[in-house]
1. Is there any pair linking a residue in the range 64-87 that is of a type in the set (Asp, Glu) to one that is crowded, with 19+ Cβ neighbours inside 10 Å and not in a loop (DSSP other than H, G, I, E, B), with Cβ under 8 Å and at least six apart or on different chains, and which?
2. If we scan the range 138-153, do we find a residue that is in contact with a strand residue (DSSP E or B) (Cβ under 7 Å, 6 or more places away or on another chain) and over 30 Å from VAL30 (Cβ atoms)?
3. In the range 89-114, what count of residues is obtained for those that are part of a strand (DSSP E or B), of a type outside the set (D, E, K, R) and crowded, with 16+ Cβ neighbours inside 10 Å?
4. In the range 128-163, which residues are closer than 15 Å to LEU33 by Cα and either in a loop (DSSP other than H, G, I, E, B) or touching a Leu at 6+ places or on another chain (Cβ under 6 Å) (or both)?
5. Within the range 48-80, can you find the residues that are crowded, with 16+ Cβ neighbours inside 10 Å and of a type in the set (A, V, I, L, M, F, W, C)?
Amino acid sequence: MKLAHGVLFAVLAAASPAAAQDGLSDREVVTALERAGLAPEDSSDDTGQSWTATVRTPNGAEVTAFVRPYDCSDATGLCRAFTIFANFSTPGGVPDELKEAVNTYNDTHVRGRAYALSEQLGVDYLMIADGSARTEYLVRRLGEYGTVLDDFLAVMREALPEE
């Protein structure tokens, strides 16, 4: 009976969440950005760690994007969630057509969330990297962001009145 209990405890300990590294370090994030074909630059400021990188979309656009970590542990320095996002200036404010297009994008696209700020439009993409979903997962998601940008830009272009 003692052997069975010992085996059970060993299995439970190996399967516990504490056994898996929870999140990614800054170095692992930089490695994932590089492996996704992005050249990250540190853009940390008083709001925290972040990186910028130029994303080339499948349609050939080059867009500066930002990667920011969330859900970080002070104890381990690891972060479990990341967003990659890009903002586009709309001097003079966001026209109503584009505000409606943000809603259209969000209603019709699963990947990425569009938003409108006072003089900017943007689209972000959330990535969760905990447990076994680690660097490889982040590389794949970062690689998808160019398509997210193309989809977003197509919806915005379609909403603008022709001149």
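Throughout, read-outs are computed from the coordinates displayed, never taken from laboratory work. Being a predicted model, the structure only gives us computed values, none of them experimental. Reconstructed Cβ throughout: ideal geometry from the backbone, glycine too, with neighbour counts over all protein chains shown.
1. From residues that are of a type in the set (Asp, Glu), the pairs are ASP71/CYS79.
2. no
3. At the first step, the residues of the range 89-114 found to be part of a strand (DSSP E or B) are 89, 113-114.
Right, trim to of a type outside the set (D, E, K, R) and you get 89, 114.
If we keep only those that are crowded, with 16+ Cβ neighbours inside 10 Å too, we end up with 114.
The number of residues fulfilling the criteria is 1.
4. Initial filter on the range 128-163 (closer than 15 Å to LEU33 by Cα): 128-129, 134-146.
Scanning the range 128-163 gives ALA129, ARG134.
5. Across the range 48-80, the qualifying residues are TRP51, ALA53, VAL55, VAL63, ALA65, PHE66, VAL67, CYS72, LEU78, CYS79.
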